[in-house]
1. From the list A:P151, A:P187, exactly one residue is surrounded by fewer than 23 Cβ atoms within 10 Å (Cβ to Cβ), without any contact (Cβ under 8 Å) to a residue 60 or more places away in the chain and under 18 Å from A:L258 (Cβ atoms). Which is it?
2. Could you list, in sequence order, the residues of segment B:172-185 that are out of contact with any Pro (no Cβ under 8 Å at 6 or more places or on another chain) and either among the acidic types (D, E) or closer than 29 Å to B:D493 by Cα (or both)?
3. Can you find even one residue in segment B:772-785 that is surrounded by 20 or more Cβ atoms within 10 Å (Cβ to Cβ), in contact (Cβ under 8 Å) with a residue 12 or more places away in the chain and among the acidic types (D, E)?
4. Within segment A:190-209, can you find the residues that are surrounded by fewer than 19 Cβ atoms within 10 Å (Cβ to Cβ), out of contact with any Leu (no Cβ under 8 Å at 6 or more places or on another chain) and touching a residue at least 60 places away in the same chain (Cβ under 8 Å)?
5. From the residues in segment A:115-124 that are hydrophobic (A, V, I, L, M, F, W, C) and assigned to a loop (DSSP other than H, G, I, E, B), which one is nearest to A:S305 (Cα to Cα)?
6. Pull out all pairs, ordered by first then second residue, where Cβ-Cβ is under 7 Å, the residues are six or more apart or on different chains, the first lies in segment B:218-247 and is within 26 Å of C:R136 (Cα to Cα) and within 12 Å of chain C (Cβ to nearest Cβ), and the second is modelled with pLDDT of 95 or more and assigned to a strand (DSSP E or B).
7. Take the residues in segment C:63-102 that are part of a loop (DSSP other than H, G, I, E, B) and of a type in the set (S, T, Y); name whichever of them is surrounded by the fewest Cβ atoms within 10 Å (Cβ to Cβ).
8. Taking B:L654 and the conditions (1) within 15 Å of the chain's Cα centre (by Cα); (2) within 14 Å of chain C (Cβ to nearest Cβ), which numbered condition does it fall short on, given that it satisfies the others?
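The values are calculated or read from the model by the stated rules, or taken from the named source; none is laboratory data. Fair warning: this is a prediction, and the values are worked out from it, not measured in the lab. Cβ placement follows ideal geometry from the backbone for every residue including glycine, while neighbour counts extend to all protein chains displayed.
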Amino acid sequence: MLRLPAFEFLAPTALDVAVKTLATYGDEAVLVAGGTDLFPNMKRRQLTPQFVIGLNALRELDGIRQDQGNLVIGAATTLTELSNHPLTQARFPALATAAGLVASPPLRNVGTLGGNLCLDTRCNYYNQTHFWRQALGFCLKKDGDTCRVAPGGKRCWAISSTDCAPVVIALDARVQLVGPNGTREIPARALYRDDGIHYLTKAHDEILTAIVLPPAAGLRSTYLKLRRRGSIDFPILGVAAALRFAPNGLVEHARLVLGAIASQPITVTAAEKILIGQKLTPDVIEAVAEAAYTLAKPMDNADASYAWRKKMVRVYVARALAQLGEPMPATNHLPA
Amino acid sequence: MPHNDTFSIIGHALPTIEAHAKVTGEVRYADDLTLPRMLYGKLLRSVYPHARILHLDTSRAEKLPGVFAVITGKDLPIKYGIMPSSQDEEALCIERVRFVGDPVAAVAAIDEETANRALALIEVEYAPLAPVMSIRDALDERLPQLHDYADHHNIHKFVSLEFGDIEAGFQAAEYIREDTFFYEGNTHLPLEQHAALAQFSSDGKLTLWSSTQAPHYVHRALEKTLQIPRARIRVIAAPVGGGFGGKADPLAHEIAACKLAMLTGRPVKITLTREEVFYTHRGRHPVLMWIKSGVKRDGQITALHFKTILDGGAYGSYGIATTYYSGALQTVTYKIPAYKFEGMRVFTNKPPCGPKRGHGTPQPRFGFEVHLDKIAHDLGLDPAEMRRRYVVEDGTQTVNHLTITSCGLRECIDRVVEASGWKNWQAVGKRQEVENLSRGTQHAARRRGLGLACSSYLSGAGLPIYWNDLPHSGVIVKVDRGGGVAVFCGSTDIGQGSNSLLAYLVAEELGLRPADIQVFTADTDLTPVDLGSYSSRVTVMTGNACLQATRQIKQKILQAAAEKLLVPAESLSMRKGIVICEDDEQRQLSFVQAVNLAEAKFGTLSSTGSYTPPKRAGPFKGSGVGPSPSYSYTACVAAVVVDTETGEVKVEKLWLAHDGGRALNPQLVIGQAEGGAYMGVGEALMEESAFRRGMLKIPSLLDYKSPTTLDTPAIQTILVETLDPEGPYGAKEAGQGPLLPVPPAIANAVFDAIGVRIDQVPITPELVLRALEEKAKGNAPRVGPKDFPNVKYPNPIKVEPPTNAPRLGV
Amino acid sequence: MKQVLHLRINGQPYEVYVPVHKTLLEVLREDLNLTGTKHGCELGECGACTVLVDGTPRLACLALPIELQGHEITTIEGLAAGNTLHTLQTTFAELGAAQCGYCTPGMLLSAKALLDHHPHPTRDEIKHALVGNLCRCTGYAKIYEAVERAALRQADKETWFQVDE
């Protein structure tokens, strides 16, 4: 049986205590909410922290509430709760969809939005047991000194494999981080960086507490996930798209974000330039799909070949946009 | 046969006898067992695909507190293996490791964590050798040889056989077609990870509980490797949490657990991790195939020439048999007057391949059935009609000396054709567009297609692994004066319901309910030998032995009852717990009364039954693989939807008609058919043993893609119950055959949907897309192996066909 | 570091003294001898160790007992009431939904949670509820039928069923 390495478990019951605890133990400590990402990684000895700080007792991280038109989602909201919540379903269907496609039902019952946003980057040279990695000779991300995907390079190419990150970025969400120096709120997009090892800008002593979604205000959004099986699998491509149409049918706001093709979610900024002020015609869709395709550079470290995954960017972007161009189902017309 | 040929148990959809224990969690699988003072064992495994062991130092591990024993290959120097002719495995490698995961040492410690720490303290110095990682590598004589005993360098085994006049067959053909195919390896992936618990008592007796499908062969291997007489070894197969062939070899962890128990005087349990299950493997051989057929214009086959190369991995396992099986059963579906088979198995530095569900036959069946579909298309024939016309006949033999006792294949084809609406589809619906995905300048769509394929499989191997004249299955029945009946048999229930089969047969014969029958199986101390749950042998072989034993004891009971009731024994029957005179129903006794009379008359009531298959091997070397008491038949139609933009294939539905003889319990037969079909879908679309840098790329349940509920199609199973003369009440097999037609039916359906041929499995989206791209460029609309290596097979053994085999021009 | 933990499992209080890093799966099987909960990967990939926590399915291989104090844990051993099987257990047994039986405990608990929340699920809802529980034997068909029959029987709407033993 694969077992966890020994650790001490700390379960602070207030956020300020949690922040202090984290500061006290520093790099020896990790945070855990649902544990669906952390514990498998620990069992494979990708991490062996001395202290594990549980966040489940912190009431401050729970719940979905409205605040001045914004939707504030506690970081410890489970993915099941998030995907079933009437407010996310009505205003941000992309987020409800993405949360509902993560892993499998028993994992979504404990996995949290915060956990999914902070999901460790993945690579099929890295998400392996200690024995396997030893046989390989380890890798840059853990215990080794060379990247097995692109040997010779100096960086790690592990893949951002969160379903929710591309969506919250596409929705212009902000995330709240609480650390020893207080609270800061940054755009969700700024939470990530293009590095398979240091993939978050969050300081180690900060806790992600909430995700703040600005008013939907007529925004249409969707998320498409590519993977081999109907469930369980991580994305090998995620496409999050959000559009707002002016009354005359022209696109007035556009966001397109790709997941699972790089070490961070990739915002297709060209999409905005192409789309805004245009009708969502097949030619426009094709142009955006082409722009996304050009930008995507998946590597050979996930399921399926990188060449096919790259081709799928074009297809999935086009399908996502086409879906947003269709007449909206009734539930999307709820006032935000 | 029972009175009026009506059955109270047989043919009814009954639950299995363990069903309640399984739904309550009471079943104790091997890893659920613990014993007082039990230690935990772990194996240290090679980190190199191919290397010499230069130095191995266990001293630091031995000193770790909580460690009770550390063993290496020196402690287990005797080689073993399932086949007598390939005794090439060491429980712990002595001088050489041959794949990443090959065991080199083992420890027993107070708990699993200590055992793992001890493994980390064992120092092994390796001298790496060049790894041999593919069929092409194995044919490259510049690379090192894995085993000295191979037929030639890394070619483990050559087979070359020719039946009938192959040249005349091709000359008589009106159309000849050649194809090459590749079937990727895959693994069983039973949900239960293997576990073994060994106990050695101070009086020198060894007991092993193991998740094994073949306790008899484990028994033999323990005797050999531990040098203890079998009389002092007891092997008990714990309930098996899925086998599919992956628990049919004697395995290193079983031997190591025993040795550690002997050295420490304490029980030792070794439970493999999921990753270790991948290394233990014995899964589907990757097979490269070349096929050439000659046919008449109506599709009648005049000659078949078939070549295979099997990638066997690092050890022999069942591989010699697998090599023969990759050719032997090509002849049992359609009439073939001339057949040449050339096969070989190579060694590579990968976990050893062995017998997975369908043992060696899904790969050639895939190639053959796709090849036939192409021929039908080339000749403008309906693939279903072309096949049904030339189905083999009952009571004939094949050109390679296999005896067809019953064949319901034609009816199977008719039934799936009817159920799936095949004919209407052929007439009007071809390449149906399900959904138009058009956008921009591209035309894209999801398209539906139907494909058909057929197959056949053994009801048990006609010859034992160790050639001898002993029965393949033995059963003891004991009747208690309280009315309880106990049945003892070495057969192993791996979820297919073989324990229940024993209860059903005894209950049917004695007029009781299955709950009245106590079943004791798979325990080498208590039960007579049954060779194990492999080759779909249990229903026919165990069933026949069980009937023989039961009918003997039944005669004694009836004889005693007849004396009491003053009627001839022949007038009595047993039903609903009574012994009753059919001519005078007033004359009856309860079963308990009758049993007491019989025990008073004959003494303690017990009987034995044995089954040895009919001796039908042909007159040539290599004829031992292929013969069986009977063959099952299956036809399958698959409906797929192909997304032409992504290449993704979704199987919407499978129609499966299976001739498994009489269905002793139709619910269990359908369960086997559905499970086999499911596994076929996995192999066709997503399961694959992929390697990279000398290592299994993805040894996990996340990355090895086992279909979920959402990936599994609806399966409609139709039972075609021929009554086979060889089987108990006419039964044949169901456990393996229904997998076989599924991958080719899916491949043929993909062609029907989008007009491209995927000549390899798994049929991944990228292959489909690549084929569509080739088609768009005007190239051959196909992906698959480009050629077949130019290897020289030995001159074939030429064999005269039997007189009642299909003949050219008849 | 060992700790005394108080757990409620199948309605019974348990006090265990275990290392805090031992997962619920290990504590159930190794400390409480509740071996009905199975393991197939210990990484959250197969669903064999599914248990219910306050009625919700989750995986015992990724759960820390220390976090489950004060919650009600249900394992396969707690599904029947004494010798009276839960309807799902009965229908799984009747219909051959358990072949090797190894995925069965987890599958049953996922199915129970489904029926507790959706007493009349469609085939599609059943597929989605059980999608995290891998089975290698059945092809899932008999499992769907068993859940559907249990739903009917719970609603006392089963008219076509007859006992054949």
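1. Numbers: A:P151 fails: under 18 Å from A:L258 (Cβ atoms).
Just a single option satisfies the conditions, and that option is A:P187.
2. The initial filter retains those residues of segment B:172-185 that are out of contact with any Pro (no Cβ under 8 Å at 6 or more places or on another chain), namely B:172-179.
Once the filter is applied, which keeps residues that are out of contact with any Pro (no Cβ under 8 Å at 6 or more places or on another chain) and either among the acidic types (D, E) or closer than 29 Å to B:D493 by Cα (or both), segment B:172-185 yields B:E174, B:E178, B:D179.
3. no
4. A:D194, A:D195
5. Narrowing segment A:115-124 to residues hydrophobic (A, V, I, L, M, F, W, C): A:117-119, A:123.
From what's left, assigned to a loop (DSSP other than H, G, I, E, B): A:118-119, A:123.
On the way: A:C118: 26, A:L119: 23, A:C123: 13 Å.
So the residue we want is A:C123.
6. Here the result reads B:A238/B:W209; B:A238/B:S210, each pair linking segment B:218-247 to a residue that is modelled with pLDDT of 95 or more and assigned to a strand (DSSP E or B).
7. Taking segment C:63-102 and keeping what is part of a loop (DSSP other than H, G, I, E, B), we get C:63-64, C:69-71, C:75, C:79-80, C:82-83, C:85-86, C:96-102.
Cutting the leftovers down to of a type in the set (S, T, Y) gives us C:75, C:102.
Numbers: C:T75: 25, C:Y102: 30.
The residue in question is C:T75.
8. All conditions pass for B:L654, except number (1).
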